[in-house]
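Trainee: A single structure is presented below for examination.
No value in this document is a laboratory result; all are computed from the given coordinates. Just so it is clear, the structure is predicted and the values come from calculations on it, not from any experiment. Here the Cβ is made from the backbone with ideal geometry for all residues, glycine too, and neighbour counts use every protein chain on show.
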Protein chains: 2
Amino acid sequence: MDADAPIGVFDSGVGGLTVLRALTARLPDEHTIYLGDTARVPYGTRSGEVVTRYALMSARHLARHRIKLLVVACNTVSAHSLPALASALPIPVLGVIEPGAQLAAARTRGGAIAILGTPATIASGAYQRTLRRLAPLAPVIARACPLFVPLAEEGWTDGEVPRLVAERYLADLRRARVDTAVLGCTHYPLLARTIAEVLGPEVAIVDSAEAITRSVSTLLREHGLLRESGDSAARHRTLCTDVPERFRSVAERFLGRPVGEVELVDLAT
Amino acid sequence: MDADAPIGVFDSGVGGLTVLRALTARLPDEHTIYLGDTARVPYGTRSGEVVTRYALMSARHLARHRIKLLVVACNTVSAHSLPALASALPIPVLGVIEPGAQLAAARTRGGAIAILGTPATIASGAYQRTLRRLAPLAPVIARACPLFVPLAEEGWTDGEVPRLVAERYLADLRRARVDTAVLGCTHYPLLARTIAEVLGPEVAIVDSAEAITRSVSTLLREHGLLRESGDSAARHRTLCTDVPERFRSVAERFLGRPVGEVELVDLAT
């Protein structure tokens, strides 16, 4: 495996750009190639078999770009398809759930751990199962927050509306001795400040984008696969399966910088 | 063509059930067969070509059930794909946009007409073009309201949050001499009361589900295709391409009654 090869980042759509953002902030010398399956987003409303079929098509496409590591930014794919992906690709495959749960288990100080996610992620039970293994004594409260994704995509991340929505989803967690909350969806980091305000200063917020970035960094270092900056700057490519009208504006908000050229790919070929 | 044949209703997902609800309320003796392409919802973020390809697959599947008429409940398909559908099927194909625009043109009393829809419907310009033809003197204000769909699916249709969201999208329409507003999305009838309260009592609300139901009723009557109730009750079938976790609860809210058995179909075969 070549340290100079890019890190592949895969998501069902635009949300995984928050993971890419965290990744390039911590590992600025790494080449990256991002694939958003925007033609088939959202995965969260599909059955597990369909999600795995779609994920395999995307992962195989990225593998053809000779990536050294696949980061699965999508919580739904991380919940359903990691074993299938790992057995189909000759490289390490990392999902967001294990690193997020690990960080939460390390942060909790005897209180309850709250998992915030989409209805599909919560219903999959993946975070709950992982936390039972990593933090068997911690009570876990899973909470689906369906409106957080459209709020983040609309750019309504501060102010009265997101605050009221967060209150409605989360207010009772304040009475449940929660001391750690996992942002279990790639969109939620955009609402982190509002979520933190509603939960209060005693609650540690675990961002799964940050968590997986730590895991990637550790894995690359341990295997001697960190790229040396040398004299060439890191290159970043963005691939999508469809380019909807609003893609660029939403993508820029998620990535924190202009997204640059977006290459359209057809996974069926 | 057989008057006893069912009416086919097609939508990208669950939203079209508001059209089915209006249809069965006005034409209670008609058999219906509903197809929601829930494996590929939402269409609104796809390109026009992809939408038409998906719509053709769904429409051909419904045609094999020997429907007498196809109602396209989806605004995105109605905006992009009616000519392709009409030329592929041996039966009449009705979309929601023309009936909605007709009713708005009949209702306006010299003020402006507001079109409320998803970003994709608004960007398609389909309502705007149709109204320029049907009501050439009426100013048209098109307004994308992306959060209305997730609010309707979450069941947050009354109270503080939808009210604030509607205020943010619509408050300035009160100052623009709007006298008629078209609910240009199948999800919006669930928010009709909140929308009406924000727009004020002078604004007539045109529900495109009601509008297409009138058109269907007229067309069937004119062609002698209305079903006689006879001694058998109307039958209603519901087909989907994927059955997500929350489908039943959302579907019941949209349909106003339990959805009953949902048959899973594979459009690829």
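Trainee: What number of residues within the range B:103-119 satisfy the criterion of being more than 14 Å from chain A (Cβ to nearest Cβ), touching a helix residue (DSSP H, G or I) at 6+ places or on another chain (Cβ under 6 Å) and either more than 13 Å from B:Leu183 (Cβ to Cβ) or of a type outside the set (A, V, I, L, M) (or both)?
Mentor: 2
Trainee: Picking from B:Ala73, B:Ala59, which residue would you name as being touching a strand residue (DSSP E or B) at 6+ places or on another chain (Cβ under 7 Å), closer than 30 Å to A:Val243 by Cβ, in contact (Cβ under 8 Å) with a residue 60 or more places away in the chain and buried (at least 19 other Cβ atoms within 10 Å of the Cβ)?
Mentor: Numbers: B:Ala59 fails: in contact (Cβ under 8 Å) with a residue 60 or more places away in the chain.
On inspection, the qualifying residue turns out to be B:Ala73.
Trainee: Restricting to the range A:182-198, name every residue that is in contact (Cβ under 8 Å) with a residue 24 or more places away in the chain, more than 11 Å from the chain's Cα centre (by Cα) and more than 13 Å from A:Ile115 (Cβ to Cβ). Please lay out each step first, then the result.
Mentor: Residues of the range A:182-198 in contact (Cβ under 8 Å) with a residue 24 or more places away in the chain: A:182-191, A:193-195, A:197-198.
With the extra rule that they be more than 11 Å from the chain's Cα centre (by Cα), the set shrinks to A:182, A:190-191, A:193-195, A:197-198.
Passing the criteria: A:Leu190, A:Leu191, A:Arg193, A:Thr194, A:Glu197, A:Val198.
Trainee: Mind listing just one residue for me: the one in the range A:215-269 that is within 17 Å of the chain's Cα centre (by Cα) and more than 21 Å from A:Val14 (Cα to Cα) and, of those, surrounded by the most Cβ atoms within 10 Å (Cβ to Cβ)?
Mentor: A:Ser215
Trainee: Looking at A:Glu153, A:Glu160, can you tell me which residue is in contact (Cβ under 8 Å) with a residue 24 or more places away in the chain, within 13 Å of chain B (Cβ to nearest Cβ), out of contact with any Phe, Trp or Tyr (no Cβ under 7 Å at 6 or more places or on another chain) and acidic (Asp, Glu)?
Mentor: Details: A:Glu160 fails: in contact (Cβ under 8 Å) with a residue 24 or more places away in the chain.
None of the others qualify; the one that does is A:Glu153.
Trainee: Of all residues being among the basic types (Lys, Arg) and out of contact with any His (no Cβ under 6 Å at 6 or more places or on another chain) in the range A:192-245, which is nearest to A:Ala39 (Cα to Cα)? Just the residue, please. Don't jump to the end; show me each part of the working.
Mentor: The first filter runs over the range A:192-245 and keeps only residues among the basic types (Lys, Arg), leaving A:193, A:214, A:221, A:227, A:235, A:237.
From the residues that got through so far, the ones that are out of contact with any His (no Cβ under 6 Å at 6 or more places or on another chain) too are A:193, A:214, A:221, A:227, A:237.
Details: A:Arg193: 30, A:Arg214: 30, A:Arg221: 35, A:Arg227: 32, A:Arg237: 18 Å.
Checked the range A:192-245; the qualifying residue nearest to A:Ala39 (Cα to Cα) is A:Arg237.
Trainee: Is there a residue being touching a helix residue (DSSP H, G or I) at 6+ places or on another chain (Cβ under 6 Å) and within 14 Å of chain B (Cβ to nearest Cβ) anywhere in the range A:257-268?
Mentor: Start the filter on the range A:257-268 by keeping residues that are touching a helix residue (DSSP H, G or I) at 6+ places or on another chain (Cβ under 6 Å), which leaves A:258-259, A:267.
Next, only the ones that are within 14 Å of chain B (Cβ to nearest Cβ) stay: A:267.
Yes, the range A:257-268 has at least one match.
Trainee: Would you be able to say whether some residue in the range A:111-125 is under 19 Å from A:Leu56 (Cα atoms) and either part of a strand (DSSP E or B) or free of Cβ contacts under 8 Å to residues at least 40 places away in the same chain (or both)?
Mentor: There is no residue in the range A:111-125 that is under 19 Å from A:Leu56 (Cα atoms) and either part of a strand (DSSP E or B) or free of Cβ contacts under 8 Å to residues at least 40 places away in the same chain (or both).
Trainee: Can you work out which of the residues in the range B:138-150 that are part of a helix (DSSP H, G or I) and touching a residue at least 12 places away in the same chain (Cβ under 8 Å) is nearest to the other protein chains (Cβ to nearest Cβ)? Steps first, please.
Mentor: If we filter the range B:138-150 for residues that are part of a helix (DSSP H, G or I), which is where we start, we get B:148-150.
From what is left, the residues that are touching a residue at least 12 places away in the same chain (Cβ under 8 Å) are B:148-149.
On the way: B:Phe148: 9, B:Val149: 7 Å.
Ranking the candidates gives B:Val149 first.
Trainee: Related question: Quick check on my filter: what residues within the range A:76-92 are more than 20 Å from A:Thr241 (Cβ to Cβ) and touching a helix residue (DSSP H, G or I) at 6+ places or on another chain (Cβ under 6 Å)? Working first, answer last.
Mentor: The first filter runs over the range A:76-92 and keeps only residues more than 20 Å from A:Thr241 (Cβ to Cβ), leaving A:79, A:82-83, A:86-87, A:90-92.
Passing the criteria: only A:Ala79.
Trainee: Among the listed residues A:Gly95, A:Gly111, A:Gly117, A:Gly48, identify the single one that is surrounded by fewer than 23 Cβ atoms within 10 Å (Cβ to Cβ) and within 30 Å of A:Glu202 (Cβ to Cβ). Explain how you work it out, then say what you get.
Mentor: Numbers: A:Gly95 fails: surrounded by fewer than 23 Cβ atoms within 10 Å (Cβ to Cβ); A:Gly117 fails: surrounded by fewer than 23 Cβ atoms within 10 Å (Cβ to Cβ); A:Gly48 fails: within 30 Å of A:Glu202 (Cβ to Cβ).
Checking each option against the conditions leaves just A:Gly111.
Trainee: Are there any helices (runs of 4 or more DSSP H) wholly within the range B:1-97 with 1 or more residues that are within 14 Å of another protein chain (Cβ to nearest Cβ), and if so which?
Mentor: B:48-63, B:75-80
Trainee: Quick one: is A:Val182 among the hydrophobic types (A, V, I, L, M, F, W, C), more than 14 Å from chain B (Cβ to nearest Cβ) and closer than 15 Å to A:Ser208 by Cβ? Can you show your working first?
Mentor: Working: among the hydrophobic types (A, V, I, L, M, F, W, C): yes; more than 14 Å from chain B (Cβ to nearest Cβ): yes; closer than 15 Å to A:Ser208 by Cβ: yes.
Considered against the rule, which asks whether it is among the hydrophobic types (A, V, I, L, M, F, W, C), more than 14 Å from chain B (Cβ to nearest Cβ) and closer than 15 Å to A:Ser208 by Cβ, A:Val182 comes out as yes.
Trainee: Can you report the number of residues in the range B:120-137 which are within 13 Å of chain A (Cβ to nearest Cβ), of a type outside the set (A, V, I, L, M, F, W, C) and buried (at least 21 other Cβ atoms within 10 Å of the Cβ)?
Mentor: Taking the range B:120-137 and keeping what is within 13 Å of chain A (Cβ to nearest Cβ), we get B:120-125.
Now narrow it down to the ones that are of a type outside the set (A, V, I, L, M, F, W, C): B:121, B:124-125.
Applying the additional criterion that residues be buried (at least 21 other Cβ atoms within 10 Å of the Cβ) yields B:121, B:124.
Count: 2.
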